[in-house]
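Step one of this worksheet: look at the structure below.
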Amino acid sequence: MIRSHIIGSGSALPAKCVSNAELAERVDTTDEWIVERTGIRQRFIAGEGETTGSLATEAARKALDDAGVDAQDIGLIVLATATPDQTFPATATTVQHALGCNGGVAFDVQAVCSGFLYAMATADAMLRTGMARRALVIGAETFSRILDWEDRTTCVLFGDGAGAIVLEARDGDGTDGAGILATRLHADGAYSELLYVDGGPSTTGEVGKLRMKGREVFRHAVVNLAEVLGEVLDDAGIVASEIDWIVPHQANLRILDATARKLGLPAERMVVTVGDHANTSAASVPLAFDVARKDGRIKAGDLVMFEAMGGGFTWGASLARM
Ligand code: UT7
């Protein structure tokens, strides 16, 4: 049985960190409101020369180092982003060239905040069907460049960053139980107007700005995440109490708390980085995963649940044994 094993991770953040207090000097908001409603204390904002591609490349290099894998051994790069460097070519090809592993497969996946789950599922399926042996799966974003900095209901919520993992196809009898065990993805385009960007190459010809009806997204997120987590647990034949760590999309601390409550798990089993990074869209899950691996929380043998929900709507969850 071939399974995709997570053998390394890395992450990257822009140099500039912006606190809530600094934002409050630009828009009508307060540190108290942002912390109380979201848990966010600060975010990193890309400066000149920092792009989705450069952050993705840095995260990918660190993931390769961590895995002890040479870039030449990467046959597949799947990069999740809603903020590519250019409309085309795919930012994944920029990363591939920067790493020097030209010639394999490289493409972007666009599922906004669920992008990393979609990218990981795609890479997992391709590895299990033998299309490559080792893959880089990256989530990278520069949402600061599509924010309306006059709109306090959205601009305080997001940040920039990148996270990456290395997946390796391993053939075995499955007795160690390691690798990606179960994944479920969903989308429902009926809700596209609750979270979208008001521009694009085929409509306005402009990049556009992010628009969100936050309260309604919040309500759907809690329900959809509980459902998809239940599906993945059923598919894997395990109960919630067996999960060692949940690595969630980092949109709002209140959504994370509600999800933990619904699963009947203590809040301590959630990896929470929203306070430090804010919402980095497709980057948030691999960024949080890398933080918790590097600080020693997530260890070999642990059962880790990844989950995310975002624009589209799109949502999904994936369970892996380290
Ligand atoms: O990553 C993709 C998925 N995205 C999400 O999951 C986001 C989900 N939504 C949320 O996280 C929350 O809904 C928000 C953080 C966006 C908003 O929190 P909320 O508790 O739902 O607030 P609200 O939108 O109901 O607004 C409450 C009040 C409003 O004032 P009134 O109408 O009650 O007078 C807003 O105008 O807070 C006001 N407000 C602000 N006040 C100070 C909205 N933004 C701000 C702000 N500073 N930045």
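The values are calculated or read from the model by the stated rules, or taken from the named source; none is laboratory data. Just so you know, these numbers come straight off a predicted model, no measurement behind them. Note that each Cβ is placed from the backbone with ideal geometry, even for glycine, and that neighbours are counted across all protein chains shown.
What are the pairs with Cβ atoms under 9 angstrom where one residue, in the stretch 224-253, is buried (at least 16 other Cβ atoms within 10 Å of the Cβ) and the other, located anywhere, is polar (S, T, N, Q) and not in a helix (DSSP H, G or I)? Sequence gap at least six, or different chains.
Val232/Thr183; Val232/Ser318; His249/Asn279; Gln250/Thr273; Gln250/Asn279; Gln250/Thr280; Ala251/Asn279; Asn252/Asn279
Determine, yes or no, whether Ala92 is crowded, with 24+ Cβ neighbours inside 10 Å and either without any contact (Cβ under 8 Å) to a residue 12 or more places away in the chain or away from the ligand (no atom under 16 Å from the Cβ) (or both).
So Ala92 fits the description; yes.
For the stretch 254-286, which positions are charged (D, E, K, R) and either on the phi > 0 side of the Ramachandran plot or buried (at least 23 other Cβ atoms within 10 Å of the Cβ) (or both)?
none
Working carefully through the options Glu50, Glu32, Glu36, Glu22, find the one that is away from the ligand (no atom under 13 Å from the Cβ) and without any contact (Cβ under 8 Å) to a residue 24 or more places away in the chain.
Result of the check over Glu50, Glu32, Glu36, Glu22: Glu22.
Per-residue answers, yes or no, for (1) assigned by TED's automatic domain parsing to the domain that holds Ala46; (2) touching a residue at least 60 places away in the same chain (Cβ under 8 Å); (3) within 23 Å of Val291 (Cα to Cα):
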| position | (1), (2), (3) |
| --- | --- |
| Gly139 | yes, yes, yes |
| Arg152 | yes, yes, no |
| Ala162 | yes, yes, yes |
| Thr183 | no, yes, yes |
| His186 | no, yes, no |
| Glu193 | no, no, no |
| Gly200 | no, no, no |
| Thr203 | no, no, no |
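For the stretch 1-46, which residues satisfy the criterion of being of a type outside the set (S, T, N, Q), closer than 22 Å to Ile255 by Cβ and assigned to a helix (DSSP H, G or I)?
Result: Leu23, Asp31, Glu32, Trp33, Ile34, Val35, Glu36, Arg37.
Filter the stretch 174-189 down to residues that are away from the ligand (no atom under 16 Å from the Cβ) and either touching a Phe, Trp or Tyr at 6+ places or on another chain (Cβ under 9 Å) or not hydrophobic (A, V, I, L, M, F, W, C) (or both), then give me how many there are.
So the answer is 7.
If you scan the stretch 169-204, which residues turn out to be closer than 29 Å to Leu76 by Cβ and part of a loop (DSSP other than H, G, I, E, B)?
Matches in the stretch 169-204: Gly172, Asp173, Gly174, Thr175, Asp176, Gly177, Ala178, Asp188, Gly200, Pro201, Ser202.
For (1) within 12 Å of the ligand (Cβ to nearest atom); (2) within 17 Å of the chain's Cα centre (by Cα), each residue gets a yes or a no:
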{"site": "Leu136", "(1), (2)": "no, yes"}
{"site": "Leu157", "(1), (2)": "yes, yes"}
{"site": "Ala162", "(1), (2)": "no, yes"}
{"site": "Leu167", "(1), (2)": "no, yes"}
{"site": "Gly172", "(1), (2)": "no, no"}
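Could you run through the stretch 60-92 and say how many residues are farther than 24 Å from Cys113 by Cβ and among the hydrophobic types (A, V, I, L, M, F, W, C)?
Number satisfying all stated conditions: 5.
What single numbered condition from (1) at pLDDT 95 or above; (2) of a type in the set (A, V, I, L, M, F, W, C); (3) surrounded by 15 or more Cβ atoms within 10 Å (Cβ to Cβ) fails to hold for Val207?
Evaluating Val207 over (1) at pLDDT 95 or above; (2) of a type in the set (A, V, I, L, M, F, W, C); (3) surrounded by 15 or more Cβ atoms within 10 Å (Cβ to Cβ) leaves (3) as the failure.
Looking at (1) within 20 Å of Arg215 (Cα to Cα); (2) aliphatic (A, V, I, L, M); (3) surrounded by fewer than 22 Cβ atoms within 10 Å (Cβ to Cβ), find the lone condition where Ala15 falls short.
(1)
Can you tell me how many residues within the stretch 68-77 are under 26 Å from Lys299 (Cβ atoms) and either buried (at least 22 other Cβ atoms within 10 Å of the Cβ) or within 16 Å of the ligand (Cβ to nearest atom) (or both)?
Result for the stretch 68-77: 1.
Kindly indicate whether any position in the stretch 304-322 is away from the ligand (no atom under 16 Å from the Cβ) and among the acidic types (Asp, Glu).
No: zero hits.
Confirm whether Arg211 is of a type in the set (Lys, Arg) and in contact (Cβ under 8 Å) with a residue 24 or more places away in the chain.
Answer is yes for this residue.
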